[in-house]
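Structure first, commentary second.
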Amino acid sequence: MHGEYLILLGLCLLVTLPLEFVIGARVHRSPRRLLAALLPTAIIFLAWDYVGIHRHHWWYDPAKISGITLPGGMPLEELLFFLVIPICALLTLEAVEILLGRISRRISRRIRPADEERRSRSA
């Protein structure tokens, strides 16, 4: 299907973006932190991709991409891949940390009263 790569990236964002608003992942609220996480790897892997494209080590199926090509022959989707996938991963990581923190606090609240009751009985 034409544009399949772009559609897949859009679906990745569609699935993980609610984590920002529903769970409060806070990834987009810290743009400097987000850029610090994205830029180094994006630069390295984009350079690697350009070398791979230039040396004909890999190619992109024209039937799967949008046809929008960046200078050097890289498809737009490949650039977006190095931005979208790390953002999705960060959203997921932050959401899991938040949920685990909530679970941990609930467990702590349940354990504390039982500990206090045991202490008062032994005293």
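Results, tabulated for the structure shown:
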{"read-out": "Solution diffusion estimate, µm²/s, Stokes-Einstein, the chain, Kirkwood Rh from C-alpha pairs, 10 °C, viscosity 1.306 mPa s", "value": "90 µm²/s"}
{"read-out": "Amide proton proximity set for Ala25, modelled H, under 5 Å, gap of 5+", "value": "Glu20"}
{"read-out": "Where the chain is the region considered: accessible area per residue in Å², 1.4 Å probe", "value": "71 Å²"}
{"read-out": "Rounded percent of accessible protein surface that carbon and sulfur make up, the chain, 1.4 Å probe", "value": "68 percent"}
{"read-out": "Förster radius 30 Å - calculated FRET efficiency between Leu13 and Ala36, Cβ distance, rounded to 0.05", "value": "0.90"}
{"read-out": "Among Pro31, Pro71, Pro86, residue whose mean-square fluctuation peaks in a GNM of the chain (springs only between Cα atoms under 10 Å)", "value": "Pro71"}
{"read-out": "The chain - mean residue ellipticity at 222 nm from DSSP helices (-39,500 (n - 2.57) per run, n ≥ 4, rounded to 500)", "value": "-24500 deg cm²/dmol"}
{"read-out": "Segment His2-Ile43, extension gain: residue separation times 0.36 nm, minus the distance between their alpha carbons", "value": "12.1 nm"}
{"read-out": "Residues listed by number, the stretch 32-49, amide nitrogen under 16 Å from Leu99 label point at 7 Å toward C-beta", "value": "none"}
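The values are calculated or read from the model by the stated rules, or taken from the named source; none is laboratory data. What you see is a predicted model; the values in this text were computed from it and never measured. Every residue, glycine among them, receives a Cβ derived from its backbone with ideal geometry; neighbour counts consider all protein chains shown. Note: areas computed on protein heavy atoms with side chains; ligands, DNA, RNA excluded. Shrake-Rupley method; radii C 1.70, N 1.55, O 1.52, S 1.80 Å.
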